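Before we start, here is the structure in question, set down as structure tokens.
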């Protein structure tokens with residue numbers, strides 16, 4: 001498998017009145033095609049910033065961070081699943097899922113068919129004609145995930161997608177994400193602050209240091225797939241989350257000190 | 001639902017009868033002591049409070065399914081009661097019928113204004129639409145136009161709506177540009193905000209200087225347009241600035257080009273605020289046009305109010321006010337209808 005995401009010595013600096021503030025310093029990351037990588041770090045470490053740089057929503061100050069295009073040039077490089085869902089309140093659930101296809105000029109009949117197939121996969125077919133205001137938070141995030149998958153990007157960028165949901169809804173959606181990923185084996189960069197979530201979902205967990213964010217360490221998650229919530233009951237799962245927490249604890253402390 | 005029959009009967013009686021008895025006692029007591037003339041405001045306040053207590057007691061005694069209909073009955077009955085009181089007070093001479101003519105007289109005046117053609121001014125209230133078929137047969141389309149031209153309501157409505165559209169459309173465009181581009185905003189915001197606080201009616205004399213025909217329609221339409229423009233532009237700007245940035249990012253991330261961003265994200269996202277600006281502008285347009293018609297006009301509902309002040313016929317003044325209210329209600333309803341059509345996701 002060749003590399004799909006390449007970042008070398010990535011730097012991000014924000015200008016401010018008091019001088020430049022570094023957010024990311026010399027961060028390296030390589031993601032292979034079909035790999036599910038979770039990026040974990042204390043809050044404010046720049047993990048979301050890095051994702052947004054890859055998404056083209058923010059610029060890089062120095063270094064390199066790019067997505068390698070695939071064979072099909074029409075395929076979008078990336079799509080983001082935002083923590084705040086970011087689905088359009090004025091579009092129906094179906095039109096939201098078809099949004100990326102519509103922007104790319106896919107004919108109406110075709111894009112609606114693709115969109116309703118994805119709605120079926122996330123269990124929302126019945127709600128196709130609803131507006132976002134009429135559905136719950138968990139359903140909105142399913143719409144957001146379906147919107148990204150329907151657009152079939154080279155890389156799926158997920159920015160704490162389950163962070164705003166309650167614990168039970170989050171557990172249900174984690175299992176759905178595992179199932180969807182088994183079907184597609186998409187290349188995924190998944191930003192989260194939850195070690196448990198990262199170990200459950202990812203092939204690899206990349207840790208970032210506190211502000212400014214840079215490489216801390218990496219953990220291969222050798223838990224067998226397909227996984228589901230019962231995976232969290234295994235000894236290996238406990239071992240991995242424990243090891244990652246041991247490594248991350250000091251960074252979280254440092255971040256708390258810095259914020260105070 | 002386990003209440004005993006005796007309590008269902010016993011409960012509503014005293015909460016209603018007690019305050020009603022109080023109302024009677026206060027009214028009679030005040031009469032006996034001769035307090036009505038000087039203390040009527042206080043007495044009314046006490047009576048009204050007791051009435052509210054009685055009516056709420058009555059509602060509590062009703063089965064739950066009647067609570068909503070009861071509210072609607074109150075909403076219609078109380079205004080009707082006020083009208084009846086007005087009628088009685090005016091005919092009995094307790095309030096001066098010169099300033100407060102009884103509602104029946106106002107209704108009569110409204111009817112007179114509607115059906116009669118004022119030969120002196122060559123105007124009528126709504127343009128006598130029942131004459132349309134006859135005029136159409138007699139002199140064709142120009143006959144119908146003449147009917148429109150004699151209508152006070154049409155005169156006001158056309159000035160106001162032309163001015164409103166001429167002001168609101170560029171207001172939306174400029175507002176969107178100012179919301180999106182911080183350079184344009186920096187250049188225009190302070191000037192616009194300064195002009196915004198100026199009561200636009202104050203520039204009417206200036207507009208009469210600017211236009212070749214100071215008494216024509218030009219200055220009247222323009223003053224409405226300017227009033228609408230600033231309201232709509234500044235609220236549209238606020239609406240565009242208030243768009244959740246994550247929606248703009250989502251649009252961009254899913255490949256929307258500039259036009260698609262505008263059409264699929266920026267416009268629908270700012271529609272709610274644009275409409276609230278339009279609602280404000282519509283109300284202000286009505287205020288401005290009526291004020292302008294007071295000052296410098298031979299037609300329109302504002303003129304009608306003012307003219308009937310000059311000739312001292314208050315009943316017709318009230319009738320004209322009723323027409324202005326109806327216009328306000330009608331236009332607001334129309335805008336609400338458009339709003340629901342434009343934003344189906346909000347209902």
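The values are calculated or read from the model by the stated rules, or taken from the named source; none is laboratory data. Here the structure is a predicted model, which is why all the values come from computation and not from measurement. Neighbour counts are summed over all protein chains in view; Cβ atoms, including those assigned to glycine, are modelled from backbone coordinates with ideal geometry.
Please work out which one of (1) assigned to a loop (DSSP other than H, G, I, E, B); (2) crowded, with 17+ Cβ neighbours inside 10 Å; (3) at pLDDT 95 or above is the condition residue A:165 fails and give its number.
Condition not satisfied by residue A:165: (3).
Residue A:199 versus (1) modelled with pLDDT under 95; (2) within 15 Å of the chain's Cα centre (by Cα): which is the lone unmet condition?
Going through the list (1) modelled with pLDDT under 95; (2) within 15 Å of the chain's Cα centre (by Cα), residue A:199 breaks only (1).
Only one of A:188, A:206, A:252 is part of a helix (DSSP H, G or I) and closer than 27 Å to residue A:23 by Cα. Can you tell me which? Before you say what the answer is, go through the steps one by one.
Numbers: A:188 fails: part of a helix (DSSP H, G or I); A:206 fails: part of a helix (DSSP H, G or I).
That would be A:252, the only listed residue that is part of a helix (DSSP H, G or I) and closer than 27 Å to residue A:23 by Cα.
Same structure, new question: Being part of a helix (DSSP H, G or I), more than 31 Å from the chain's Cα centre (by Cα) and surrounded by fewer than 13 Cβ atoms within 10 Å (Cβ to Cβ) is the filter here, so list the residues in region B:37-65 that pass it.
Across region B:37-65, the qualifying residues are B:37, B:38, B:60, B:64, B:65.
I need a count of the residues in region B:175-202 that are part of a helix (DSSP H, G or I) and free of Cβ contacts under 8 Å to residues at least 60 places away in the same chain. Lay out the reasoning, then the answer.
Pass one, region B:175-202, residues part of a helix (DSSP H, G or I): B:175-180, B:182-197, B:200-202.
Still in the list and also free of Cβ contacts under 8 Å to residues at least 60 places away in the same chain: B:177, B:182-197, B:202.
Selection size over region B:175-202: 18.
Take residues that are assigned by TED's automatic domain parsing to the domain that holds residue B:155, surrounded by 22 or more Cβ atoms within 10 Å (Cβ to Cβ) and free of Cβ contacts under 8 Å to residues at least 12 places away in the same chain and tell me which of the helices (runs of 4 or more DSSP H) falling wholly in region B:203-303 contain 1 or more. Quick ask: steps written out before the conclusion?
Details: elements: B:204-210, B:217-241, B:245-253, B:258-261, B:267-295.
In region B:203-303, the matching helices (runs of 4 or more DSSP H) lie at B:245-253.
Then there's this: Spot the failing condition for residue B:344; the list is (1) within 14 Å of chain A (Cβ to nearest Cβ); (2) in contact (Cβ under 8 Å) with a residue 60 or more places away in the chain, and only one is missed.
(2)
Examine region A:142-151 for a residue that is under 28 Å from residue A:73 (Cα atoms), part of a loop (DSSP other than H, G, I, E, B), in contact (Cβ under 8 Å) with a residue 60 or more places away in the chain and touching a strand residue (DSSP E or B) at 6+ places or on another chain (Cβ under 8 Å), and state whether such a residue exists.
Quick first cut of region A:142-151, residues under 28 Å from residue A:73 (Cα atoms) only: A:142-151.
This time we only want the ones that are part of a loop (DSSP other than H, G, I, E, B), so: A:151.
In the following step, the residues that additionally are in contact (Cβ under 8 Å) with a residue 60 or more places away in the chain were identified as A:151.
When the remaining residues are screened for being touching a strand residue (DSSP E or B) at 6+ places or on another chain (Cβ under 8 Å), the result is A:151.
Among the residues of region A:142-151, at least one is under 28 Å from residue A:73 (Cα atoms), part of a loop (DSSP other than H, G, I, E, B), in contact (Cβ under 8 Å) with a residue 60 or more places away in the chain and touching a strand residue (DSSP E or B) at 6+ places or on another chain (Cβ under 8 Å), which makes the answer yes.
Next question. Any idea which residue in region B:308-323 is nearest to the chain's Cα centre (by Cα), counting only those that are assigned to a helix (DSSP H, G or I) and free of Cβ contacts under 8 Å to residues at least 60 places away in the same chain?
To start, the set of residues in region B:308-323 that are assigned to a helix (DSSP H, G or I) comprises B:308-310, B:314-323.
Filter once more, keeping what is free of Cβ contacts under 8 Å to residues at least 60 places away in the same chain: B:308-310, B:317, B:321.
Values: B:308: 21, B:309: 22, B:310: 25, B:317: 17, B:321: 11 Å.
Within region B:308-323, the match that is nearest to the chain's Cα centre (by Cα) is B:321.
For residue A:100, indicate whether it is touching a strand residue (DSSP E or B) at 6+ places or on another chain (Cβ under 9 Å), outside any strand (DSSP E or B) and more than 10 Å from chain B (Cβ to nearest Cβ).
The answer is no for residue A:100.
If you don't mind, another one. Give me a count of the residues in region A:225-239 that are loosely packed, with under 12 Cβ neighbours inside 10 Å and within 21 Å of the chain's Cα centre (by Cα). It would help to see each step written out before you state the result.
Filtering region A:225-239 down to residues loosely packed, with under 12 Cβ neighbours inside 10 Å leaves A:226, A:230, A:233, A:235, A:239.
Among the residues that remain, those that are also within 21 Å of the chain's Cα centre (by Cα) are: A:226.
Qualifying residue count, region A:225-239: 1.
Okay, moving on. Does any residue of region A:107-126 turn out to be facing chain B (nearest Cβ under 10 Å) and touching a helix residue (DSSP H, G or I) at 6+ places or on another chain (Cβ under 8 Å)?
No.
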